[in-house]
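K.L.:
Following this message is one structure expressed as structure tokens.
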Amino acid sequence: MTEFKSVIVPTRPFDDQKPGTSGLRKRVTVFQQQNYTENFVQAILNSLGDDLQGSVLVLGGDGRYYVKDAAKLIIRICAANGVKKLIVGQHGIFSTPAVSNLIRKRNTSGGIILTASHNPGGPDKDFGIKFNTDNGGPAPDYVTAEIFNITVGLESYNIVPDLECDIDTQGVYTYIVDGNEFNVEVVDSVADYVGLMKEIFDFDSLRELLKGSEGRKPFKILIDSMNGVTGPYVRQIFVNELGADESSIVNTKPLEDFGGLHPDPNLTYAVQLVDAMKEGIHDFGAAFDGDGDRNMILGKKAFFVTPSDSLAVLGAHLHHIPYFKITGIKGFARSMPTAGAIDRVASATGIDFYEVPTGWKFFGSLMDADQLSLCGEESFGTGSDHIREKDGIWAALAWLQVIACEKKGVEELLVSHWKKFGRNFFTRYDYENCPADNCAYMLHKLEQIVTSPVYIGTQIIHRNKSYVVKQADNFCYEDPIDGSLTPKQGIRLLFEDGSRIIVRLSGTGSSGATVRIYVDSYEKDERLILKDAQVCHYTFMWVV
Ligand code: G16
């Protein structure tokens with residue numbers, strides 16, 4: 001066996017390696033600067049402290065441009081830092097939910113995910129590196145703060161420059177580095193995740209739904225992977241396991257530039273799916289983002305399910321999913337800007353409810369404490385405590401399971417839900433690439449205005465409806481498990497009828513600042529709940 005020696009390479013710190021909502025995201029060209037990727041990876045490893053020596057980590061990414069180069073580099077850096085074993089997805093590929101699953105299944109110290117999620121890919125587009133901890137979830141704030149602190153003082157990194165690993169071929173590769181054994185296990189990226197889905201859902205009933213049975217037509221689905229990482233997972237689950245025909249899945253080859261698509265599953269970017277669904281041939285459509293954690297659900301004729309409604313409908317029918325028959329339903333949660341539809345399901349069912357800041361990492365501690373089963377975000381994220389990431393394919397299967405049990409289509413499920421609980425009309429406005437300093441100042445001024453005591457009780461009349469400001473603040477989250485405080489998570493205007501306006505800065509952009517304004521107007525009048533969202537939605541941003 002060839003023996004390798006690690007070397008210490010002097011470097012200079014970079015001052016812009018502060019992880020955002022979910023990891024460090026920058027242009028590929030930024031990561032390609034000399035020592036930039038190396039520094040950040042060394043900082044992640046250093047943050048593990050005493051746990052680093054002899055550790056096992058998972059490594060993989062969404063297949064975008066630079067994933068393979070970065071994966072090979074990270075293998076060399078891990079080899080030089082005392083990591084005992086890396087579990088790597090074949091071709092460097094893993095969906096984000098699959099990494100979360102493997103970290104938990106193999107009890108590893110964590111994992112490194114190479115993704116910029118739904119941001120476009122290619123040589124002049126985005127790349128990202130994210131660290132997930134041993135619970136399988138994105139590193140919490142105190143860990144990312146520690147990583148950032150290390151980056152600003154980093155003077156060297158360790159590497160085994162000539163270590164080569166064939167990550168295209170499955171197998172276990174063993175090396176001797178500085179006299180110690182170092183292993184790389186290249187695994188099938190899909191198998192473990194598919195196994196998990198088969199444990200959670202009743203695949204027989206899903207198969208029957210898709211195939212049709214006596215007196216029941218086949219239920220036609222259309223699944224769009226947007227040339228992101230989910231393609232191989234989707235083929236295995238929907239075609240090979242559930243018997244859907246090949247035409248039911250599209251854009252399933254993971255491409256380095258996502259074939260020029262912007263792999264963000266929403267009405268704007270998943271337009272190919274929307275147009276195909278409009279033809280009315282398919283009963284159900286779903287799209288997933290680059291790394292497979294986001295989802296969009298559509299019904300027949302492209303009937304759009306908002307992520308907030310998706311969460312609420314799944315919450316109301318969660319008992320149909322075999323997994324929850326075993327675990328019970330421990331609690332519901334949503335991120336703060338997400339519309340309040342799930343809140344009403346929680347209060348009607350008496351199930352505990354939590355509101356957390358934007359970022360999946362905030363759900364993790366509740367799940368680890370066995371207090372949370374289902375959660376979601378307006379940014380097209382839905383998931384459960386089966387892993388510690390949101391999970392696009394899980395969400396699509398959950399919908400199909402509910403449909404199979406309720407024997408109702410997507411639109412029918414939504415309409416009966418709104419009739420029972422009322423409807424949250426929700427819209428998000430994004431203002432991208434704004435100057436960061438001006439945005440920070442704008443939010444500061446806004447906070448001053450809305451938190452002035454005279455603001456409470458302000459009444460706004462719009463289209464014969466009155467909105468009275470009940471509360472206004474800059475959201476501060478107190479984690480119910482560890483008591484930690486996360487302040488300044490967005491300006492909230494809460495109205496007496498449950499409607500809300502939220503303003504916050506995005507934490508996932510790769511340059512400049514993005515301002516997000518969320519409007520959530522609640523309607524319980526049965527005559528209005530079926531109106532077109534665009535007609536009925538009251539844009540009352542002039543309030544501030
Ligand atoms: C990431 C986080 C999500 C969060 C989203 C918000 O999503 O994982 O939990 O909701 O960012 O982004 P922003 O801060 O831009 O509003 P992803 O899919 O990009 O990893």
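K.L.:
Against the conditions (1) assigned to a loop (DSSP other than H, G, I, E, B); (2) over 22 Å from the mean Cα position of the chain (by Cα), where does Gly63 fall short? Just the number, please.
P.N.:
The one condition Gly63 does not meet is (2).
K.L.:
Something else about it: If you take the residues in the stretch 80-122 that are polar (S, T, N, Q) and closer than 30 Å to Glu3 by Cα, which one is most open to solvent (accessible area, probe 1.4 Å)?
P.N.:
Asn107
K.L.:
Among the residues of the stretch 265-300, what is the count of those that are farther than 28 Å from Arg344 by Cα and of a type outside the set (Val, Ile, Thr)?
P.N.:
Going through the stretch 265-300 one residue at a time, the tally reaches 15.
K.L.:
Now for a different question. Only one of these conditions is not met by Val56: (1) within 16 Å of the ligand (Cβ to nearest atom); (2) farther than 21 Å from Pro232 by Cα. Which number is it?
P.N.:
Of everything listed in (1) within 16 Å of the ligand (Cβ to nearest atom); (2) farther than 21 Å from Pro232 by Cα, Val56 misses just condition (1).
K.L.:
I'd like the full set of residues that are part of a strand (DSSP E or B), away from the ligand (no atom under 12 Å from the Cβ) and either open to solvent by 20 Å² or more (accessible area, probe 1.4 Å) or closer than 27 Å to Asp437 by Cβ (or both), limited to the stretch 509-529.
P.N.:
Within the stretch 509-529, Val519, Tyr522 qualify.
K.L.:
Same structure again: Answer yes or no as to whether Asp497 is without any contact (Cβ under 8 Å) to a residue 60 or more places away in the chain, over 22 Å from Cys476 (Cβ atoms), touching a strand residue (DSSP E or B) at 6+ places or on another chain (Cβ under 8 Å) and away from the ligand (no atom under 11 Å from the Cβ).
P.N.:
Spelling it out, Asp497 is indeed without any contact (Cβ under 8 Å) to a residue 60 or more places away in the chain, over 22 Å from Cys476 (Cβ atoms), touching a strand residue (DSSP E or B) at 6+ places or on another chain (Cβ under 8 Å) and away from the ligand (no atom under 11 Å from the Cβ).
K.L.:
Residues to consider are Val234, Val184; find the one that is more than 21 Å from the chain's Cα centre (by Cα), crowded, with 21+ Cβ neighbours inside 10 Å and more than 16 Å from the ligand (Cβ to nearest atom).
P.N.:
Within the list Val234, Val184, the selection yields Val184.
K.L.:
Restricting to the stretch 265-293, and then to whatever is in contact (Cβ under 8 Å) with a residue 40 or more places away in the chain and in contact with a Lys or Arg (Cβ under 7 Å, 6 or more places away or on another chain), can you tell me which residue is nearest to Asn119 (Cα to Cα)?
P.N.:
For the stretch 265-293, the residue satisfying everything is Gly290.
K.L.:
Ser506 is checked against (1) under 27 Å from Tyr354 (Cα atoms); (2) modelled with pLDDT of 95 or more; (3) within 16 Å of the ligand (Cβ to nearest atom) and fails just one. What number does that condition carry?
P.N.:
All conditions are met except number (2).
K.L.:
Now, a different point. If you take the residues of the stretch 284-313 that are more than 16 Å from the ligand (Cβ to nearest atom) and of a type in the set (Lys, Arg), which of them is nearest to His386 (Cα to Cα)?
P.N.:
Lys300
K.L.:
Criterion first (more than 15 Å from the ligand (Cβ to nearest atom) and in a loop (DSSP other than H, G, I, E, B)) does Ile281 satisfy it?
P.N.:
yes
K.L.:
Still on this model: Inside the stretch 167-220, can you point out the residues that are closer than 26 Å to Lys407 by Cα and assigned to a loop (DSSP other than H, G, I, E, B)?
P.N.:
Phe201, Asp202, Gly212, Glu214, Gly215, Lys217, Pro218, Phe219, Lys220
K.L.:
Looking at the stretch 443-506, what strands (runs of 3 or more DSSP E) fall wholly within it and have at least 1 residues that are open to solvent by 40 Å² or more (accessible area, probe 1.4 Å)?
P.N.:
459-462, 465-474, 500-505
K.L.:
Of all residues in the stretch 370-388, count the ones that are within 8 Å of the ligand (Cβ to nearest atom) and either over 19 Å from Ala346 (Cα atoms) or polar (S, T, N, Q) (or both).
P.N.:
2
K.L.:
Moving to a separate point now. Check whether at least one residue in the stretch 414-435 is more than 14 Å from the ligand (Cβ to nearest atom), of a type in the set (A, V, I, L, M) and crowded, with 21+ Cβ neighbours inside 10 Å, and report yes or no.
P.N.:
Scanning the stretch 414-435 turns up at least one residue that is more than 14 Å from the ligand (Cβ to nearest atom), of a type in the set (A, V, I, L, M) and crowded, with 21+ Cβ neighbours inside 10 Å.
K.L.:
Name the single residue that is farthest from the ligand (Cβ to nearest atom) among those in the stretch 259-278 being surrounded by 21 or more Cβ atoms within 10 Å (Cβ to Cβ) and under 18 Å from the mean Cα position of the chain (by Cα).
P.N.:
Looking at residues that are surrounded by 21 or more Cβ atoms within 10 Å (Cβ to Cβ) and under 18 Å from the mean Cα position of the chain (by Cα), I get Ala270.
K.L.:
Select from the stretch 125-163 the residues that are touching a Ser or Thr at 6+ places or on another chain (Cβ under 7 Å), of a type in the set (Asp, Glu) and not in a strand (DSSP E or B) and write down the one among them that is nearest to the ligand (Cβ to nearest atom).
P.N.:
Asp141
K.L.:
On to the next question. Out of the residues in the stretch 7-36 meeting the condition of being open to solvent by less than 40 Å² (accessible area, probe 1.4 Å) and over 23 Å from the mean Cα position of the chain (by Cα), tell me which one is nearest to Thr174 (Cα to Cα).
P.N.:
In this case the residue turns out to be Val9.
K.L.:
In addition: Can you tell me which residues in the stretch 340-359 are of a type in the set (D, E, K, R) and open to solvent by 60 Å² or more (accessible area, probe 1.4 Å)?
P.N.:
The one that is of a type in the set (D, E, K, R) and open to solvent by 60 Å² or more (accessible area, probe 1.4 Å): Asp352.
K.L.:
Turning to a different aspect of this structure: Out of the residues in the stretch 37-51 meeting the condition of being in contact (Cβ under 8 Å) with a residue 40 or more places away in the chain and not polar (S, T, N, Q), tell me which one is most open to solvent (accessible area, probe 1.4 Å).
P.N.:
The residue in question is Asp51.
The values are calculated or read from the model by the stated rules, or taken from the named source; none is laboratory data. Please read these numbers as outputs of a predicted model, since none were measured by experiment. Note that each Cβ is placed from the backbone with ideal geometry, even for glycine, and that neighbours are counted across all protein chains shown. Surface areas here come from the heavy atoms of the whole protein model, side chains and all, with no ligands, DNA or RNA. Shrake-Rupley method; radii C 1.70, N 1.55, O 1.52, S 1.80 Å.
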